[in-house]
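Structure first, then comments.
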2 protein chains.
Amino acid sequence: MSVELIPSIGRLRERLSSARRAGVTIGLVPTMGALHEGHGCLVEQAAGECGLVVVSIFVNPIQFNQAEDFARYPRTIEADLAFCAERGAQIVFAPSAEEMYPAPLRSFVEVTRLTDHLCGPFRPGHFRGVATIVMKLLQIVQPDRAYFGEKDAQQLAVIRRMVSDLNVPVEILGVPTVREPDGLAMSSRNRLLNAEERRIATTLYRALQAAERAVAAGVTDAEAVREAALSMLREQPQIRVEYLEVVEPDEMQPVGRIDGPVRVAAAVWVGSTRLIDNILSMPPH
Amino acid sequence: MSVELIPSIGRLRERLSSARRAGVTIGLVPTMGALHEGHGCLVEQAAGECGLVVVSIFVNPIQFNQAEDFARYPRTIEADLAFCAERGAQIVFAPSAEEMYPAPLRSFVEVTRLTDHLCGPFRPGHFRGVATIVMKLLQIVQPDRAYFGEKDAQQLAVIRRMVSDLNVPVEILGVPTVREPDGLAMSSRNRLLNAEERRIATTLYRALQAAERAVAAGVTDAEAVREAALSMLREQPQIRVEYLEVVEPDEMQPVGRIDGPVRVAAAVWVGSTRLIDNILSMPPH
């Protein structure tokens with residue numbers, strides 16, 4: 001299988017409009033590259049459901065709130081192309097920053113409320129950058145379906161809400177988080193960890209599982225659920241917790257008393273690498 | 001000629017998708033109703049260039065910064081329908097507020113910089129509301145072309161920039177302002193004026209023409225150009241000037257020295273009615 005690399009918006013639109021006229025279902029998998037098995041599942045699901053799969057690879061400067069994080073972000077385009085071909089994508093759209101932002105950007109999509117907690121306060125402008133680039137990609141590709149990982153649960157909620165609020169004609173699909181055998185959620189940032197950090201990083205998922213078990217066991221006090229996870233994270237002095245919250249899954253608002261499904265979500269720093277993860281947790285019925 | 005009234009997003013999309021599949025060019029004329037000759041020109045131009053013309057009629061609550069202005073805004077749907085049929089539109093999309101905003105709106109399109117002057121500071125949230133509703137309409141209708149009046153020059157600039165920044169696949173067309181025989185720009189708000197106010201309102205255009213003449217005569221000091229217009233407006237004590245600015249036409253930034261095309265734009269209050277107008281003015285070459 002081979003994949004077509006298209007860097008230009010104009011050429012991509014041309015290529016897609018003939019497919020669209022022929023009635024082919026178009027799937028979009030927006031990524032920042034450095035593809036891993038998590039992306040692999042997105043592409044495979046898209047390939048199973050759509051006649052034509054476009055993977056976009058663009059390390060979007062406007063969603064990084066720290067220049068260093070943007071500079072450090074892994075870039076592996078050659079491997080990514082082979083990976084996309086193997087997983088059944090037909091097109092990789094990999095534009096330059098100039099192609100995506102030819103003039104100073106004055107227009108932004110802002111999603112309020114859903115961005116007030118979790119990553120929102122710690123990454124000012126991040127979700128505005130995400131919503132804006134995803135809107136641009138949806139307008140460029142005009143896919144029937146677009147695929148996002150549940151690992152970035154707040155991002156997924158923001159995109160679902162944007163699409164619903166602004167009537168964007170696309171179906172948004174969330175795909176379950178893919179994990180390493182030891183439970184660490186797949187992430188392009190994992191390759192920034194050294195061996196020691198990589199070992200310690202597994203604590204994040206185990207802590208979230210402890211919180212999930214508490215919810216499943218009928219603990220209704222969100223503080224007690226948080227504490228179940230936080231106490232495990234505190235045992236690892238090399239981990240710094242940025243946040244660990246229990247939120248309702250639609251608008252991502254913190255809950256005090258748990259009486260329905262909640263998402264337990266956290267961001268931690270291991271050395272100089274920031275990792276996020278979450279588990280949708282169900283109280284007993 | 002007859003026009004089809006469609007209040008539902010779902011039915012509209014169904015109706016349009018068959019036209020789209022058949023290769024018909026779709027034109028959109030977004031309005032708030034209370035249609036007048038200015039809208040008539042938009043619809044006629046659209047009908048001349050497109051196989052199917054959709055006029056949307058929706059008094060958009062989120063672009064009104066004053067509840068009273070929203071309440072007072074004229075609503076004349078029966079007359080509007082006949083008007084649209086006469087001018088060659090095939091569909092009037094007139095949704096309810098519940099159809100357009102079924103859930104609390106959390107997602108907004110913000111256009112920065114272009115909204116810093118003119119109406120922007122005087123109508124907080126207005127352009128956010130305009131950009132957001134126009135984005136929604138563009139996503140619902142997915143027109144090939146959308147038509148806007150140059151009377152709302154800042155709105156037109158904002159929409160052009162939004163479409164360009166966010167890669168919305170539509171061509172935006174600006175249509176020249178239509179005026180009453182005495183020069184007053186057509187506006188749905190004109191019918192809120194009493195006879196005395198209506199007479200006085202003509203001063204606005206005459207003042208802008210005075211500014212335009214100054215620019216055309218080679219006056220390069222924007223303050224002197226403003227003064228040419230303001231001195232005429234000051235002669236009418238019943239007119240209160242909200243702003244009168246000389247701006248460059250793309251990003252709507254005030255200029256000090258005129259060395260290219262400028263837009264002279266003003267908002268004035270006549271009694272309790274707010275009127276806006278503008279003239280694109282060319283310095284001598």
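The values are calculated or read from the model by the stated rules, or taken from the named source; none is laboratory data. Just so it is clear, the model here is predicted, and its values are computed rather than measured. Note that we place each Cβ from the backbone using ideal geometry, even for glycine, and neighbour counts take in every protein chain shown.
Details
- None of B:158, B:141 is within 23 Å of residue A:128 (Cβ to Cβ), in contact with a Phe, Trp or Tyr (Cβ under 9 Å, 6 or more places away or on another chain) and surrounded by 23 or more Cβ atoms within 10 Å (Cβ to Cβ) except B:158.
- Within the stretch A:161-183, restricting attention to residues that are in a loop (DSSP other than H, G, I, E, B) and more than 14 Å from chain B (Cβ to nearest Cβ), the residue that is surrounded by the fewest Cβ atoms within 10 Å (Cβ to Cβ) is A:181.
- Condition met for residue B:191 (among the charged types (D, E, K, R), surrounded by fewer than 20 Cβ atoms within 10 Å (Cβ to Cβ) and over 20 Å from residue A:13 (Cβ atoms)): yes
- Single residue of the stretch B:218-237 satisfying the filter (among the small types (Gly, Ala, Ser) and not in a loop (DSSP other than H, G, I, E, B)) that is farthest from residue B:283 (Cα to Cα): B:231
- Check on residue A:238, of a type outside the set (A, V, I, L, M) and either at pLDDT below 95 or in contact with a helix residue (DSSP H, G or I) (Cβ under 6 Å, 6 or more places away or on another chain) (or both): yes
- Look at (1) closer than 30 Å to residue A:49 by Cα; (2) outside the structural domain of residue A:93 (by TED's automatic domain parsing); (3) of a type outside the set (D, E, K, R); (4) in contact with a helix residue (DSSP H, G or I) (Cβ under 8 Å, 6 or more places away or on another chain) and you find that residue A:181 fails only one, number (4).
- Single residue of the stretch B:256-282 satisfying the filter (within 13 Å of residue B:219 (Cα to Cα) and surrounded by fewer than 17 Cβ atoms within 10 Å (Cβ to Cβ)) that is farthest from the other protein chains (Cβ to nearest Cβ): B:282
- Candidate set: the stretch A:95-120, residues that are more than 12 Å from every other protein chain (Cβ to nearest Cβ) and closer than 23 Å to residue A:163 by Cα; chosen: the one surrounded by the most Cβ atoms within 10 Å (Cβ to Cβ): A:118
- Residue, farthest from the other protein chains (Cβ to nearest Cβ), within the stretch B:4-45, restricted to residues that are in a helix (DSSP H, G or I) and surrounded by fewer than 15 Cβ atoms within 10 Å (Cβ to Cβ): B:37
- Neighbours by Cβ (under 8 Å, 6+ apart or cross-chain): first from the stretch B:256-268, over 30 Å from residue B:237 (Cβ atoms); second of a type in the set (Gly, Ala, Ser) and not in a strand (DSSP E or B): B:257/B:222
- Scope the stretch B:121-131; condition more than 8 Å from chain A (Cβ to nearest Cβ) and either surrounded by 18 or more Cβ atoms within 10 Å (Cβ to Cβ) or within 17 Å of residue B:277 (Cα to Cα) (or both); matching residues: B:121, B:122, B:123, B:126, B:127, B:128, B:129, B:130
- Of the residues screened, residue A:146 is one that is assigned to a strand (DSSP E or B), assigned by TED's automatic domain parsing to the domain that holds residue A:126, among the hydrophobic types (A, V, I, L, M, F, W, C) and modelled with pLDDT of 95 or more.
- Within the stretch A:212-271, considering residues that are over 16 Å from residue A:119 (Cα atoms) and of a type in the set (Ser, Thr, Tyr), the one nearest to the chain's Cα centre (by Cα): A:231
- Residue list for the stretch B:79-134, filter: assigned to a loop (DSSP other than H, G, I, E, B), touching a strand residue (DSSP E or B) at 6+ places or on another chain (Cβ under 6 Å) and under 24 Å from residue B:55 (Cβ atoms): B:89, B:90, B:94
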